[in-house]
Every structure is written in structure tokens, then in C-alpha cells.
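Colleague: Quick one: the structure is below, questions incoming.
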Amino acid sequence: MKKVFYLVFGILNFLLTPIIPISLVSFIVIFIAINNHSNNGFILRDYLLIFFLSIFLLLYYILRLFIFPLIYTFYNNPYISKFFERISKEKAFKNKVLLLSFLADMAIILTFLSEVFFTDIRNFLSGFILYSLIGGGGVTLSYLSLIVWFGITKKYNKQ
């Protein structure tokens with residue numbers, strides 16, 4: 001059972017990386033380009049799909065901020081609670097988690113930019129900045145929000 005929780009938590013961490021926002025924005029841009037260059041008006045007749053994808057992306061960004069504090073508060077799992085407690089109490093472990101999450105986010109962004117790196121290196125920096133902004137901080141932002149939440153609750157509990 002322990003391995004199942006680790007697998008689910010690993011999948012959650014992967015889904016919090018910039019892969020979903022970058023893919024959604026790319027999907028929206030491709031749909032707009034296809035619609036603009038198509039002679040048929042059936043692809044995006046009223047842009048409702050783009051509206052729903054944009055709303056989903058906004059909700060995804062908001063959820064990313066609150067997912068780990070919500071899991072810690074409402075999901076009583078000894079393995080995940082122990083992991084979050086270590087982040088709360090051990091500075092070296094917290095730094096290691098932040099470093100690994102940052103590296104995972106950068107690996108995803110660089111994977112999306114691999115074609116630009118090999119075809120036109122001049123656009124690499126602008127693409128990297130754009131994908132970093134679209135990625136919205138990735139899983140690193142989720143862990144940072146958890147750390148800030150720990151700080152706020154610790155300060156609130158002392159009063």
C-alpha cells in the first residue's frame with residue numbers, strides 16, 4: 001500500500017510540473033492558428049473551447065497554490081504527512097525538495113525547448129522565459145506555497 005501512495009504522489013508531482021500549462025497554451029495557440037488559416041468556420045466558431053481551456057488553466061494555477069496545504073490538512077496519510085512534516089522541520093530536506101522540484105520544472109521546460117535549441121538557438125532565451133512564465137512556477141511553486149503555509153500556521157499557533 002505504501003508504494004501505491006508514493007506512486008499517486010509522484011503522479012501528482014508530475015502533473016504539477018509545467019507540462020499541463022505549456023501543453024494547454026500550445027493547444028490553444030494551435031487551435032487559433034488552424035482556425036485563422038482554415039477556410040471552414042467549424043473549428044472554432046465561437047471560441048468557446050478556448051474560453052473553457054483558459055478558465056481551466058486559471059483554475060489549475062490557483063489549485064497549484066493550495067494543493068499541498070489542502071492535502072496536508074485534510075488527507076490523513078502517514079507517509080505523505082511524514083514527508084510534509086520533514087519539509088516543515090528539516091531545513092536540509094526542505095532545500096533538497098525545492099532543488100529537486102526546481103530541476104524537474106527546468107527539465108520539463110527544456111524538453112519543450114529542445115527543438116528550438118537544435119534549430120534556432122537565438123530564440124532559446126526568449127522561449128525559455130516564455131515557457132517559464134506559462135509554466136507558472138511548476139511544482140516548485142506548490143512546495144513554496146506549502147512552506148509559506150507552514151510558516152503562517154506556525155506563527156498563528158504561537159499567538
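Colleague: So which of PHE66, PHE51 ends up being among the hydrophobic types (A, V, I, L, M, F, W, C) and in contact with a Phe, Trp or Tyr (Cβ under 9 Å, 6 or more places away or on another chain)?
Modeller: Numbers: PHE51 fails: in contact with a Phe, Trp or Tyr (Cβ under 9 Å, 6 or more places away or on another chain).
Just a single option satisfies the conditions, and that option is PHE66.
Colleague: In addition: Is there any pair with a first residue in segment 99-112 that is more than 10 Å from TYR131 (Cα to Cα) and a second that is of a type outside the set (A, V, I, L, M) whose Cβ atoms are under 6 Å apart and which are 6 or more apart or on different chains, and what are they?
Modeller: Partner pairs satisfying both residue conditions: SER101/THR140; SER101/TYR143; PHE102/THR140; ALA104/THR17; ASP105/THR17; ASP105/PRO18; ASP105/GLY138; ASP105/THR140.
Colleague: Further question on the same structure: Got a sec? Which helices (runs of 4 or more DSSP H) wholly within segment 38-131 have at least 2 residues that are under 30 Å from LYS3 (Cα atoms) and not aliphatic (A, V, I, L, M)? Walk me through it before giving the result.
Modeller: Details: elements: 48-74, 78-89, 91-112, 114-119.
Where helices (runs of 4 or more DSSP H) fall fully within segment 38-131 and carry at least 2 residues being under 30 Å from LYS3 (Cα atoms) and not aliphatic (A, V, I, L, M), they are 48-74, 78-89, 91-112.
Colleague: What number of residues within segment 144-159 satisfy the criterion of being open to solvent by less than 40 Å² (accessible area, probe 1.4 Å) and modelled with pLDDT under 85?
Modeller: 0
Here's the yes/no breakdown for (1) touching a strand residue (DSSP E or B) at 6+ places or on another chain (Cβ under 8 Å); (2) modelled with pLDDT of 85 or more; (3) open to solvent by less than 90 Å² (accessible area, probe 1.4 Å):
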residue: LEU44; (1), (2), (3): no, no, yes
residue: ILE50; (1), (2), (3): no, no, yes
residue: LEU58; (1), (2), (3): no, yes, no
residue: LEU63; (1), (2), (3): no, yes, yes
residue: ILE67; (1), (2), (3): no, yes, yes
residue: GLU85; (1), (2), (3): no, yes, yes
residue: PHE93; (1), (2), (3): no, yes, yes
residue: SER101; (1), (2), (3): no, yes, yes
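Colleague: Identify the single condition in (1) closer than 27 Å to PHE56 by Cα; (2) free of Cβ contacts under 8 Å to residues at least 60 places away in the same chain that LEU146 does not satisfy, given that it satisfies every other one.
Modeller: (2)
Colleague: When you go through (1) open to solvent by less than 90 Å² (accessible area, probe 1.4 Å); (2) of a type in the set (A, V, I, L, M, F, W, C); (3) touching a helix residue (DSSP H, G or I) at 6+ places or on another chain (Cβ under 6 Å) one by one for LEU110, which number turns out not to apply?
Modeller: (3)
Colleague: Sticking with this one: Looking at segment 114-143, which of its residues are under 11 Å from ILE22 (Cα atoms) and open to solvent by less than 80 Å² (accessible area, probe 1.4 Å)? Spell out how you get there, then give the answer.
Modeller: Taking segment 114-143 first, the residues under 11 Å from ILE22 (Cα atoms) are 130-136, 138.
Hits for segment 114-143 are TYR131, SER132, ILE134, GLY135, GLY136, GLY138.
The values are calculated or read from the model by the stated rules, or taken from the named source; none is laboratory data. Computed from a predicted model, the values in this text were never measured in an experiment. Using ideal geometry, Cβ is built from the backbone for each residue, glycine included, and neighbour counts are taken over all protein chains shown. Side chains included, ligands, DNA and RNA excluded: accessible areas come from the protein's heavy atoms. Shrake-Rupley method; radii C 1.70, N 1.55, O 1.52, S 1.80 Å.
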